[in-house]
Amino acid sequence: MSKITESWAEYKGSRYNAVYNDDTGLWDVDIPAGAESSYNQPNHTYPITLHAKDAAGNETVMQATDPTYGDELNIRVLEKTKPTATITYPTEGSVLGSATQDIELELQDAGGSGLNMASVIFKVNNVQVSSGLSWSDSGSKKVCTYHATNLSDGQNSVSLQVSDNDGNVSDVDTVSFVISTKAPTLNLTSPIEGLLTNSNKVTVSGVAAPGSDAVTIAEVKINNETVSVGQGGAFSKELTGLPDGDNTITVVAKDSLGRTTTVTRHITVDTQAPVISDVEAEATTVNANGTIRISFRVVDPAD
């Protein structure tokens, strides 16, 4: 009677020899599973084929489709590398000037099983978003832009997490940012609107303040000329050489997000004194305690 001379297993195109165990009467074979996930294989498994040969040269082959032992020969290999979930915009700590923002998201599988897109957890201010996410392929990554609206002024946050098809869960990526929609305030204390002055010099002064603590005043311009801004946003500048007539003074405060507030003052400069002419006395000789009557013309050159 022939005896079994060799047994082996074939796995992913490689042969692995089995060793007979005298204690159990079984053939044992150790097969390295490999690092690649089997999720994308048919039935999500890698099949093993068993071979046994006797001394007479007879060979038996058992496929993974065997009705009795097939379940033991279809091996599910799980990769153990976590996928990545990344919020690429906005960046951590950024200050944004609109309550509407396009949040840019990116997912990537690192181990081969593929991303389980049904597992995506995306939250805006700790509220999970279930609609408005349309993912597309970008090379080996999945990308999406979420159009967020009605973000509140102040601190906001978004978070993203995903699992792969082998159950590995990515780290949670969280980004905190600030929304600041309010334009600067601009209090112009001098000059007053409609000022009439006989000087061609006027001091323009006031205080500019950002709309929120998240931004700063970047600059103040008076008639398109940048002026220095002191502590607390105070500024002052003397304008000289103003022409007679109507003058417009425009002050613009800009914050670090580029938003502006404009205040305009209209003043009138009149430096010309009245002109007296056509002087005529009713009489140049009068009695004591009498009345002196003089008629004269006065013209304001500014009229």
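The values are calculated or read from the model by the stated rules, or taken from the named source; none is laboratory data. Computed from a predicted structure; not experimentally measured. Quick reminder, even Gly has a Cβ in these numbers, built from the backbone with ideal geometry, and neighbours come from all protein chains shown. Each accessible area value is taken on the protein alone, full model and side chains, heavy atoms only, with ligands, DNA and RNA left out. Shrake-Rupley method; radii C 1.70, N 1.55, O 1.52, S 1.80 Å.
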- the chain, relative contact order [Cα under 8 Å, separation at least 6], %: 12
- Of the listed values (i) 72, 43, 36; (ii) 171, 31, 27; (iii) 53, 45, 34, grab the one calculated as Cα extents along the principal axes in Å from the structure here. (ii)
- Item | the chain - accessible surface per residue (Å², probe 1.4 Å) | 60
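What percent do you get for the relative contact order of the stretch 5-55 when only Cα pairs under 8 Å and 6+ apart count?
Reported relative contact order: 47 percent.
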- Item | Counting all C-alpha pairs of the stretch 96-211, share separated by more than 16 Å (%) | 70
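Can you order the peptides 254-261, 60-67, 18-25 by their average number of other Cβ atoms within 10 Å per residue, highest first?
The peptides rank, most packed first, as 254-261, 60-67, 18-25.
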- Item | Over 22 Å between alpha carbons, listed pairs Lys82/Lys123; Lys182/Lys237; Lys80/Lys141; Lys82/Lys141; Lys82/Lys142 | Lys182/Lys237
- Query: How many nm is it between the label spots at Thr197 and Gln155, if each spot is 7 Å from the Cα in line with the beta carbon?
  - Reply: 4.7
